[in-house]
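Where a number appears in this text, it was derived from the coordinates with a stated rule and is not lab data. Everything numeric in this text was worked out from a predicted model, so none of it was measured. Cβ placement follows ideal geometry from the backbone for every residue including glycine, while neighbour counts extend to all protein chains displayed.
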Amino acid sequence: MIEPTIELKPGLYVTATPIGNLGDITYRAVKALKSADLILCEDTRQSAKLCAAYGIETPLAPYHDHNAARVRPGVIKKLQGGARICLVSDAGTPLIADPGYKLVREARDAGIDVFPLPGPSAALAALAAAGAPSDRFFFAGFPPPKQAARAKLFEALKAVDAALIFYETAPRLAASLEAMEAAFGARRAVVARELTKLHETFREGSLDALAGRYRAAPTRGEIVIIVYPPAAQAVSPTALDDFLAEALTEMTVKDAAGAAAEAFGVKRGEAYARALDVKKRS
Ligand code: SAM
């Protein structure tokens with residue numbers, strides 16, 4: 001559907017764009033992109049593809065790590081003059097492991113309105129579908145490529161009582177998983193690849209098993225790693241069995257396993273197998 005232009009208030013529009021599937025842009029984002037005076041983007045060729053798909057003819061200008069400091073004063077000036085400017089990144093939500101923080105900060109400092117146009121972000125897409133505990137999470141961005149800095153970061157994150165979300169590149173995936181295993185121990189993790197694209201995959205296992213798998217068979221594409229929170233690993237088998245024994249006095253095996261999985265943050269299949277065992281022994 002081709003969206004009409006709309007009357008936009010002056011200001012900066014931080015606009016999320018698809019992370020793979022072009023259909024994931026919002027109606028509001030398309031309307032804003034069509035109606036703005038200017039779209040700031042990381043790579044004009046990349047954003048031109050999105051614009052072509054939606055009939056967006058707004059001028060594009062580059063705003064990326066290498067020119068941001070130079071072009072920012074001019075952008076602020078335009079905004080002060082009443083311009084409506086959209087900021088996009090190559091994919092997903094600007095500022096999330098992407099440029100834009102300083103622009104938003106300076107715009108706010110200058111009294112300019114900044115509007116979020118929410119939409120896709122790989123971190124949340126991965127968390128939403130991975131099946132890892134999701135009530136609390138810590139987004140850690142890309143781990144540093146250098147071994148010592150990476151190990152230091154993981155050591156600092158070890159005690160964080162939340163699921164940890166990382167972005168990682170395919171060539172560094174195995175080394176990163178190994179370093180996570182060294183710091184976090186035997187935690188479960190999920191490698192979410194190529195989200196919303198043709199070869200989308202979620203692979204779950206212990207950090208150790210995942211590191212071995214990707215060391216033996218390197219992969220390609222874009223990757224999010226989710227590491228389970230420490231508490232989810234610290235399930236004592238006795239506590240789990242006691243809970244199941246109690247639950248089985250008034251529930252079916254399936255329901256008791258479901259309740260245990262939720263209460264202890266373990267996988268349903270694991271809880272079901274334990275529930276069968278507990279029932280057999282009772
Ligand atoms: N701002 C973006 C967002 O909101 O997700 C992230 C930009 S960051 C420079 C790019 C990284 O995000 C990739 O290297 C990968 O780790 C992750 N990523 C982006 N798209 C992805 C996808 N479709 N599937 C898995 N990970 C993705």
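Rounded to two decimals, what ratio of Rg to Rh does region 11-117 give with C-alpha atoms and a Kirkwood Rh? Intermediate values should be presented prior to the final figure.
On the way: Rg = 12.5 Å, Rh = 13.5 Å.
With Rg and the Kirkwood Rh in hand, the quotient comes to 0.93.
Would you work out if region 237-281 is rounded, prolate or oblate? Take a ≥ b ≥ c from the square roots of the eigenvalues of the alpha-carbon gyration tensor; rounded if a/c is under 1.5, else prolate when a/b is larger than b/c, oblate otherwise. Before the final figure, lay out the partial values.
Details: a/c = 1.34, a/b = 1.24, b/c = 1.08.
Cα axes put region 237-281 in the rounded bin.
Which aspartates and glutamates have a Cα less than 17 Å from the Cα of Lys279, not counting those fewer than 8 places away in the same chain?
Within the straight-line cut-off, Lys279 pairs with Asp241, Asp242, Glu246, Glu250, Asp255, Glu270.
Evaluate the relative contact order of the chain (contact order divided by residue number), counting alpha-carbon pairs under 8 angstrom at least 6 apart; express in whole percent.
Numbers: 496 pairs, mean separation 45.4, N = 282.
It rounds to 16 percent for the chain.
When DSSP assigns beta bridges and you keep just the ones with both residues in the chain, what percent turn out antiparallel, to the nearest 5? Intermediate values should be presented prior to the final figure.
Values: 18 of 36 bridges.
Within the chain, antiparallel bridges account for around 50 percent of the total.
Please give me, ordered by residue number, the GluC sites (Glu not before Pro) of region 168-257 that lie in loop per DSSP and have at most 13 other Cβ atoms within 10 Å.
Details: sites: Glu168, Glu178, Glu181, Glu194, Glu200, Glu204, Glu222, Glu246, Glu250; in loops: Glu194, Glu200, Glu250.
Here the GluC sites (Glu not before Pro) that fit, given the DSSP loop and packing criteria, are Glu250.
Note down the nm distance, to one decimal, between modelled labels 7 Å out along Cα→Cβ at Arg45 and at Arg28.
In this crude label model, Arg45 to Arg28 measures out at 3.3 nm.
Rounded, prolate or oblate, given the Cα gyration tensor of region 118-166, with a/c below 1.5 counting as rounded?
Values: a/c = 2.89, a/b = 1.61, b/c = 1.80.
Because a/c hits 1.5 or more and a/b fails to exceed b/c, region 118-166 counts as oblate.
Less than 11 Å from a label point 7 Å out along the Cα-to-Cβ axis of Phe202: which backbone N atoms in region 176-195 qualify, by residue?
190-193
Over the Cα atoms of the chain, what Rg and Dmax result, in angstrom?
Cα radius of gyration and Dmax of the chain are 23.0, 76 Å respectively.
May I ask you to list the lysines whose Cα is less than 30 Å away from that of Lys77, ignoring any residue fewer than eight positions away on the same chain?
Cross-link targets: Lys9, Lys31, Lys34, Lys49, Lys102.
So what J values fall out for region 34-41 if you push phi through Karplus, 6.51 cos²θ - 1.76 cosθ + 1.60 with θ = phi - 60°, rounded to Hz, Gly and Pro as x?
3J(HN,Hα) across region 34-41, in whole Hz: 5, 9, 6, 7, 7, 10, 8, 9.
Could you work out the relative contact order of region 11-117? I mean the mean sequence separation of Cα pairs under 8 Å and 6+ apart, divided by the number of residues, in percent. Intermediate values should be presented prior to the final figure.
Values: 174 pairs, mean separation 47.7, N = 107.
Relative CO of region 11-117 lands at 45 percent.
To the nearest 10 degrees, how steep is helix 253-264 against the longest Cα principal axis of the chain, on a 0 to 90 scale?
The angle comes out near 60 degrees.
By DSSP, what percent of the beta bridges with both residues in region 11-117 are antiparallel, rounded to the nearest 5? Please report the intermediate quantities before stating the final value.
Values: 1 of 15 bridges.
Roughly 5 percent of the beta bridges in region 11-117 run antiparallel, per DSSP.
Quick query: amide H of Gly92 versus all other amide H atoms, modeled in the peptide plane; which residues come in under 5 Å with a sequence gap of 5 or more or a different chain?
Under 5 Å from the amide H of Gly92: Thr17, Ile19.
Please sort 119-128, 270-279 by packing, taking for each peptide the average over its residues of neighbouring beta carbons within 10 angstrom, highest first.
Values: 119-128: 19.9, 270-279: 18.4.
With the highest mean Cβ count within 10 Å placed first, the list reads 119-128, 270-279.
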